1. Residues that are at pLDDT 95 or above and open to solvent by less than 10 Å² (accessible area, probe 1.4 Å): find the strands (runs of 3 or more DSSP E) completely inside region 559-651 holding 3 or more of those.
2. If you take the residues of region 244-271 that are of a type in the set (A, V, I, L, M, F, W, C) and at pLDDT 95 or above, which of them is surrounded by the fewest Cβ atoms within 10 Å (Cβ to Cβ)?
3. Select, from N415, N391, N341, the only residue that is open to solvent by 50 Å² or more (accessible area, probe 1.4 Å), part of a strand (DSSP E or B) and at pLDDT 90 or above.
4. Here are some residues: G137, G110, G166. Which one is open to solvent by less than 30 Å² (accessible area, probe 1.4 Å) and part of a loop (DSSP other than H, G, I, E, B)?
5. Run down D527, D542 and say which single residue is in contact with a Lys or Arg (Cβ under 8 Å, 6 or more places away or on another chain) and among the acidic types (D, E).
6. Keeping to region 189-211, report how many residues are part of a strand (DSSP E or B) and more than 30 Å from S227 (Cβ to Cβ).
7. What number of residues within region 298-338 satisfy the criterion of being in a strand (DSSP E or B), β-branched (V, I, T) and open to solvent by 20 Å² or more (accessible area, probe 1.4 Å)?
8. Could you check, for region 283-297, whether at least one of its residues is open to solvent by 10 Å² or more (accessible area, probe 1.4 Å), more than 12 Å from the chain's Cα centre (by Cα) and in contact (Cβ under 8 Å) with a residue 60 or more places away in the chain?
Amino acid sequence: MVIEVLPVGATTASQVSFTQAGSTYGRNVQLKLQETVSVKDFGAVGDGVTDDSAAIQAAINTGESLHFPKGTYVSKNLTFTVSNVKYTFEGGAKLLFNGNTSDRLYSVSGDNVTFIDAVFDANLLQPSLSLGYVQTGTDRFVLRGGKTFNIQARSSGSNLTNQCYGLGVSTDSATNFLIDGHEFSDITKDNSGTYSGPTEGVGFCGGIVVVPSTGANPVSPYSSKSSGTIVNCVFDNIQTIRASGLSLNDWIKYDDADGIRLYGDETYTPDCDITISNCSFRDCSKRAVKSAIRGVKVYNIDIISTGNVPYPMSSLVKLHNDNILSGVTGKMGASAREVTNAIQTTLINAENKFCEVLNVNIDYCQVLVDIIGLGRPSLYNLVFDNFTCPNVSVRCVNEASGGATTCNTRIENFNVVARGTNVNFLNGSTNGFFINEIRIENMSLKVPSGSFYIDEVDVLVSDPSFTGASGTAPIEISGGNDWTIGRISLDVTALGSGVFLNSTTYIALIYGGSGMKIREFFLKTADTASTTHSHIKLYGSDMTVGRIIYEGPSSIDLGVTVASDRVSVDSIIRKGSASTTLSAVFAGTTGSDKISVGEVHDMRPSNQPSFRLLAGSGTAVVHNVTSLTTGGSATQDDTGGNLTVGSAAIL
């Protein structure tokens, strides 16, 4: 560039000409200097000591885009009211909060306000609700890069002090906001009893909160729903400080630290349109994300616990009606830090159109999915798909319905392994579940009564010390009317002889109301498995079974445990080379009637008939029997004439 020597008599920059190198166009220096406006042009010092609030506010009020040169600007209660401006922080320049619990560092109400690389330091102080706040009606707020940190909250007693966050966003018409690449770190709220409490409901803190500026639920309808995107952000060391030695219930009760928290109200602010994506959460003591409003979408987040927080997380993510979560990686790192409920859905409205949770991978948890319906008559349209966890210590799916009936819920593509020997896949009073493509290891599959569809389920017991869920066998399915079961496979070879768990008299029990349909059931045991009882027991009315393949030394009961009417089985195969002293199939009991079996192929050597109709039973038909029996007959009728056999062959 070329700047001319100050002409004789010139007294201002407007009288000095300026020409950019390579250009022939000239203008004066004053115009050039006015292209970039610095807060220091208005008297801000940036020395970390001087209160620069008034100087910065004067600069903001000009309506010009501003630069913050490198420095530490002590300030509070800055109000960014002008629209269409950009504030650029250079060389790590930061605003240092010097207020108290009635102050904020800044609030934004202008439209199209952008912060670039802004650093907001709370100075280990506690602001009112949040260090910064985006007001109702604000459009296109942008926070790109930079950092918010060093909030240390200790006061409680009101909505504005019980909660403390890095950034607050109004639930009412704060539209099209973008928070991109910002870090929220070292944000804590003390609820240990040192300063107050411990009290439930006063330990709220986090990186971002979507909530009215009062910190309370709204009292009038919103103008329009808030909308925006939170992307590429980092949330680190966000925790409620609690006393040591708390029980599980108390450490959860006194903890309310979330990376991101979104509030709503079914009457006044029922929904939003907010997307959270590609964010990282590290040592957030309660949850990474909690949503209590419709319209939240969460994609591709990483959640890490390092042990910096003394207690395990309560959950990774908690969702609401009409939320989507896709892509979660949870790394707790050790069993001592296993999350209590990896994914929670708290649904408070029966009109849920959808709630989808997809692609979840976590290393340690107690419960993988916790479904809560708060006092509503029914819950609809939930999807949980593609979950992986090698260490589940309590159960995979827990339905704490709160009085609601769960309907049309899909649980698909789960690949999970139990940590411990007393784990059940599913718990709760359930209705309308679709369970498909499930592989579970070292846990029981106990399904309570209700309306279900179950297909492509593989259960493997690989731990010889497996004891099963309390009071149950490896598989126990209590079906309702018109249940459909596709294919279920169970392998308990590793149990050796000890296959009867918890004083049960079966390995697999499937029973239900009228009209149950089963396509295929497979069971494999060791040849040394105890034969004190039959290994498979089925009963019910109008039950239809396709194929049963059983590789074990004991037998299958059809309508023996409980009188059953109109039971039809297409094919039964018993496999194995070691001999046994039991029939492959026992059928009927007093009150049982109309049992029909298409084919029985008994490929295990035995000195007993392969099919036996027990005394007291009504009619039964077996169309074709092939047997390796050495006992002289492939079938036996203890009723004296109620069994009809189409053909029987001893090989």
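1. By residue number, 565-575, 593-606, 620-629.
2. L262
3. The unique qualifying residue is N415.
4. Matching residue, one of G137, G110, G166: G110.
5. None of the other options fit; the residue is D542.
6. Going through region 189-211 one residue at a time, the tally reaches 1.
7. 3
8. There is at least one residue in region 283-297 that is open to solvent by 10 Å² or more (accessible area, probe 1.4 Å), more than 12 Å from the chain's Cα centre (by Cα) and in contact (Cβ under 8 Å) with a residue 60 or more places away in the chain.
The values are calculated or read from the model by the stated rules, or taken from the named source; none is laboratory data. Keep in mind that this is a model prediction, so the values were computed, not measured. Note that each Cβ is placed from the backbone with ideal geometry, even for glycine, and that neighbours are counted across all protein chains shown. Quick note on the areas: whole protein, heavy atoms, side chains included, nothing else; ligands and nucleic acids left out. Shrake-Rupley method; radii C 1.70, N 1.55, O 1.52, S 1.80 Å.
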